[in-house]
Amino acid sequence: MSEYSGTHKEEEAVEPIDLMHLLGGMWKAFCRYFWLVLLLAVLGAGGLALRTYLTYTPQYTAYATFTVTSSSQGTYSTSNYYNTATASQLETTFPYLLTSGSLSRIVAEDLGVTALNGTITASVMANTNLFTIEVRSSDPQAAYDIVQSLIENYPQVAEQVVGITELELLDESGIPTVPTNTVNYVNTAVRGALLGLIVGVAILFLIAVSRQTIQRESDFKKRLNIECMASIPQISVKRRAKGKTQAMVSIYNPHISQGFLDAIRVLRTRIERDARERGRKVLLVTSAAPGEGKSTLAANIAMSLAMDGRKVLLMDCDLRNPTVHEMLQLQPGKGVYELLTGEAKLDEVFQYDKAHRLYVLPGGKPCSNASEILDSRQMRELLSSVKPLVDYVILDTAPVGMITDTAVLAPWRTAPSSWSSRTMPRPATFRRRWSSSPRAAST
């Protein structure tokens with residue numbers, strides 16, 4: 001607490017973004033949630049295509065192109081100039097005539113409808129007297145009828161603005177048969193899939209940025225304020241049909257990678273140094289959830305210490321799912337459960353594993369009331385009985401994130417050796433076997 005007292009002021013510096021670490025986090029998130037990214041891409045493609053299909057309305061365009069001539073007489077050049085100017089003036093005044101509604105009313109009355117089902121536009125080819133009217137409508141017949149009515153009625157409406165004009169039809173579309181706004185559903189689906197992928201990448205980015213968990217050794221100090229003793233690489237092994245591993249992940253296995261062996265040696269060295277500094281010899285190994293390798297780690301720590309010439313006792317305290325005897329390929333039988341419940345004595349349950357130079361107390365029969373059994377005077381007395389006889393006691397416990405077995409057991413790993421045992425005396429046979437067992441050569 002002293003480091004936070006006095007006038008010391010904590011200033012939390014803004015942590016720079018590690019791009020490679022961020023990309024690595026996004027890749028891990030993708031490996032775990034790749035199905036979500038694919039699902040978003042599929043939903044994006046299907047959703048946009050469906051939306052386009054449901055909202056699509058085909059539009060048909062009918063048009064007519066004609067020349068604008070004046071009824072006045074004059075020279076060719078003057079007449080041509082006037083006709084060109086008149087066409088340009090018609091293009092300028094056309095939006096006004098449509099907005100005023102006069103032309104629309106005349107055309108609607110001519111067609112016998114209350115409102116025109118179409119959009120009307122007009123344009124003039126530059127430096128010519130060619131005038132084009134286009135009508136766009138969802139009904140091809142209505143588009144064509146509106147064009148014909150415009151050709152017939154437009155001159156009389158425009159007369160009030162530009163004078164008397166005559167329209168000479170040059171070309172017309174007839175009744176349109178093909179929509180002008182065709183839809184490419186493949187391109188629409190591709191755009192939707194890209195949109196879904198972008199959303200998926202954004203989600204992966206948020207997961208990588210907001211994930212507050214242990215990903216690097218430095219995260220232990222930053223997030224938990226504790227030091228990381230070692231980082232053990234993950235080992236992938238083949239599995240048999242029944243689900244058991246083909247070979248134990250062990251420092252004795254010649255097929256295990258050198259990185260795993262070096263990491264266990266580093267962990268062993270740091271454990272021994274910490275044990276000397278703190279005067280402790282009981283080590284509790286647990287994990288947050290099942291399947292994270294805590295039993296494998298506990299066994300390898302015990303084997304590594306035994307390799308270094310230490311007397312090591314490995315106790316299986318995961319009484320709900322004891323597996324230590326299976327990992328070490330020992331014969332099943334009575335264990336810690338029977339010992340703590342008074343069904344067996346210490347000499348009857350402990351085993352010596354010659355292959356790995358370990359003394360082992362297996363878990364025994366699986367039980368459902370492990371918390372009550374471990375949180376007992378018998379457990380404390382068991383620890384006080386075995387601690388003087390060994391250099392280290394390794395406790396393989398249940399996952400701490402799911403049940404309370406490990407939480408109730410944790411305080412008893414510091415049980416003093418001076419506690420007397422009334423119900424479980426240290427057997428002489430146990431001491432004789434320790435003294436007669438071969439000490440492993442130091443590696």
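The values are calculated or read from the model by the stated rules, or taken from the named source; none is laboratory data. All of these numbers come straight from a predicted model, not from anything done at the bench. Cβ: placed from backbone, ideal geometry, glycine included. Neighbour counts: every protein chain shown. Quick note on the areas: whole protein, heavy atoms, side chains included, nothing else; ligands and nucleic acids left out. Shrake-Rupley method; radii C 1.70, N 1.55, O 1.52, S 1.80 Å.
Restricting I175, I198, I120, I146 to those that are modelled with pLDDT under 90 and either open to solvent by 50 Å² or more (accessible area, probe 1.4 Å) or not hydroxyl-bearing (S, T, Y) (or both) reduces the list to I120. Would you mind stating whether Y63 is modelled with pLDDT of 85 or more, within 43 Å of the chain's Cα centre (by Cα), open to solvent by 40 Å² or more (accessible area, probe 1.4 Å) and of a type outside the set (V, I, T)? It is false that Y63 is modelled with pLDDT of 85 or more, within 43 Å of the chain's Cα centre (by Cα), open to solvent by 40 Å² or more (accessible area, probe 1.4 Å) and of a type outside the set (V, I, T).
Each residue in segment 377-394 was checked for being part of a loop (DSSP other than H, G, I, E, B) and open to solvent by 20 Å² or more (accessible area, probe 1.4 Å), and 1 pass.
When we screen L340, L374 for residues that are in contact (Cβ under 8 Å) with a residue 40 or more places away in the chain and open to solvent by 10 Å² or more (accessible area, probe 1.4 Å), the only hit is L340. Restricting the first member to segment 302-320 and to residues that are more than 16 Å from L284 (Cβ to Cβ) and in contact (Cβ under 8 Å) with a residue 12 or more places away in the chain, and the second to residues that are hydroxyl-bearing (S, T, Y) and open to solvent by less than 10 Å² (accessible area, probe 1.4 Å), no beta-carbon pair is closer than 6 Å while six or more apart or on different chains. Reported count of residues in segment 219-273, each being touching a helix residue (DSSP H, G or I) at 6+ places or on another chain (Cβ under 8 Å), among the acidic types (D, E) and at pLDDT 80 or above, is 1.
Looking at (1) modelled with pLDDT under 70; (2) open to solvent by 30 Å² or more (accessible area, probe 1.4 Å), can you tell me which one T93 breaks? Condition not satisfied by T93: (2).
Pairing each residue of segment 38-53 that is within 18 Å of N181 (Cβ to Cβ) with any residue that is in a helix (DSSP H, G or I) and open to solvent by 40 Å² or more (accessible area, probe 1.4 Å), provided the two are 6+ apart or on different chains, yields C-beta distances under 6 Å for A49/Y185. Checking each residue of segment 380-397 against the condition of being aliphatic (A, V, I, L, M) and out of contact with any Leu (no Cβ under 7 Å at 6 or more places or on another chain) gives at least one match. When I264, I256 are checked against the criterion of being assigned to a loop (DSSP other than H, G, I, E, B), among the β-branched types (V, I, T) and more than 23 Å from S384 (Cα to Cα), a single residue qualifies: I256. Only residues that are touching a helix residue (DSSP H, G or I) at 6+ places or on another chain (Cβ under 6 Å) and not in a loop (DSSP other than H, G, I, E, B) were counted across segment 357-376, and they come to 6. If you go through segment 274-314 and keep only what is over 38 Å from the mean Cα position of the chain (by Cα), among the aliphatic types (A, V, I, L, M) and open to solvent by less than 30 Å² (accessible area, probe 1.4 Å), you end up with A275, V282, L305, A306, V312, L313, L314. Restricting to segment 311-356, give me the number of residues that are part of a strand (DSSP E or B) and not polar (S, T, N, Q). Result for segment 311-356: 7. Checking the stated criteria, P366 turns out to be over 26 Å from S304 (Cα atoms), of a type outside the set (D, E) and loosely packed, with under 15 Cβ neighbours inside 10 Å.
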